[in-house]
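The values are calculated or read from the model by the stated rules, or taken from the named source; none is laboratory data. Just so it is clear, the structure is predicted and the values come from calculations on it, not from any experiment. Here the Cβ positions follow ideal geometry from the backbone for every residue, glycine too, while neighbour counts run over all protein chains shown. Each accessible area value is taken on the protein alone, full model and side chains, heavy atoms only, with ligands, DNA and RNA left out. Shrake-Rupley method; radii C 1.70, N 1.55, O 1.52, S 1.80 Å.
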Amino acid sequence: MGAAALALTALAALHILKPDIDPSRTMISKYALGRHGWVMALCFAAFAAASACLFTALVAHATSLLSRIGLAFLLSAAVGLAMAARFPMDPVSTPPKPMSFSGKMHGVSFLISVPCQILAVLLLSLALGAQTPAASLLLLMVTSVIWLSLAIMIAIMLMVGPGKPPNPDGPEKFLGLPNRLFMVAYGVWLMAAAWPIAH
């Protein structure tokens, strides 16, 4: 719970430390570039630590196949988030061929962490809801926010599409908002899932 709170605090602080970045237009990974980039690395690392800690806390309670599969995805999400902390992205304008090793690995971390995050929260919410019905509604509500924010992100990316000319007034100007909602909701989910164990 502390690691998740640290991740959310670091993410909030970046909006103050780097006011030149428009939060509605840019993905949070851009905060890793330039001054105060270490705060974004701390944010990703704290998300990774929170995911790994929750995995450790829940593994002893994993009695069903559903929970075990969910925990496998949660651990994989922790790995992907740790990779995002270690390997910052390249500037957005970097063409694919001259992309750095760090930039390529950041792309890999995205492909690992995001699918694993959405599957982990869904499967574990269902499994934990069966064990602790009181937490079921909250977990499923936060899970729905995570899935909805990802769906909006994907919809915007498909509308923008590779090869299409940039449009400052197009849907890409809203891409940063669902991205931030996704990570904030994930942090809230981690704390909500850990709360019954902490008590």
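I'm trying to understand the selection: among the residues of the range 3-39, which are under 30 Å from W195 (Cβ atoms) and either in a loop (DSSP other than H, G, I, E, B) or free of Cβ contacts under 8 Å to residues at least 12 places away in the same chain (or both)?
T9, A12, H15, I16, P23, M27, W38
Quick test of your reading of the structure: L66 fulfils all but one of (1) buried (at least 20 other Cβ atoms within 10 Å of the Cβ); (2) at pLDDT 90 or above; (3) of a type in the set (A, V, I, L, M). Name the failing condition by number.
Here L66 clears every test but (1).
Hey, any hits in the range 27-50 for a residue that's polar (S, T, N, Q) and more than 12 Å from the chain's Cα centre (by Cα)? Can you show your working first?
Step one: of the range 27-50, the residues polar (S, T, N, Q) are 29.
Narrowing further to those that are more than 12 Å from the chain's Cα centre (by Cα): none.
No, the range 27-50 contains no residue that is polar (S, T, N, Q) and more than 12 Å from the chain's Cα centre (by Cα).
Based on what the data block shows, is F101 of a type in the set (F, W, Y) and over 21 Å from the mean Cα position of the chain (by Cα)? Spell out how you get there, then give the answer.
Working: of a type in the set (F, W, Y): yes; over 21 Å from the mean Cα position of the chain (by Cα): yes.
Here the answer is yes, as F101 does meet what is asked.
State which residue pairs qualify: first residue closer than 21 Å to A45 by Cα and inside the range 56-79, second residue among the β-branched types (V, I, T) in any location, beta carbons under 8 Å apart, and separation of 6 or more residues or different chains.
A57/I197; L58/I197; L71/V59; S76/I112; A77/I112; V79/I112
Taking the condition surrounded by 19 or more Cβ atoms within 10 Å (Cβ to Cβ), assigned to a helix (DSSP H, G or I) and touching a Phe, Trp or Tyr at 6+ places or on another chain (Cβ under 6 Å), does A120 pass? Before you say what the answer is, go through the steps one by one.
Details: surrounded by 19 or more Cβ atoms within 10 Å (Cβ to Cβ): yes; assigned to a helix (DSSP H, G or I): yes; touching a Phe, Trp or Tyr at 6+ places or on another chain (Cβ under 6 Å): yes.
Answer is yes for this residue.
Mind listing whichever residues of the range 84-101 are open to solvent by 30 Å² or more (accessible area, probe 1.4 Å) and either in a helix (DSSP H, G or I) or at positive phi (or both)? Give the steps one after another, and end with the answer.
First pass over the range 84-101, keeping only residues open to solvent by 30 Å² or more (accessible area, probe 1.4 Å): 86-89, 91-101.
Residues satisfying the conditions are R86, F101.
Please determine whether any residue of the range 19-40 is open to solvent by 60 Å² or more (accessible area, probe 1.4 Å) and of a type in the set (A, V, I, L, M). If you could, list the steps in order and put the result at the bottom.
Looking only at the range 19-40, we keep the residues that are open to solvent by 60 Å² or more (accessible area, probe 1.4 Å), and these are 19-20, 22, 25, 30, 34-35, 38.
If we keep only those that are of a type in the set (A, V, I, L, M) as well, we get none.
Taking every residue of the range 19-40 in turn, none turns out to be open to solvent by 60 Å² or more (accessible area, probe 1.4 Å) and of a type in the set (A, V, I, L, M).
Of the conditions (1) modelled with pLDDT under 95; (2) open to solvent by 80 Å² or more (accessible area, probe 1.4 Å), W147 satisfies every one except a single condition; which number is it?
Condition (1) is where W147 drops out.
Would you call M153 over 20 Å from A52 (Cβ atoms), surrounded by 20 or more Cβ atoms within 10 Å (Cβ to Cβ), in contact with a helix residue (DSSP H, G or I) (Cβ under 9 Å, 6 or more places away or on another chain) and modelled with pLDDT under 95? Steps first, please.
Working: over 20 Å from A52 (Cβ atoms): yes; surrounded by 20 or more Cβ atoms within 10 Å (Cβ to Cβ): yes; in contact with a helix residue (DSSP H, G or I) (Cβ under 9 Å, 6 or more places away or on another chain): yes; modelled with pLDDT under 95: yes.
The answer is yes for M153.
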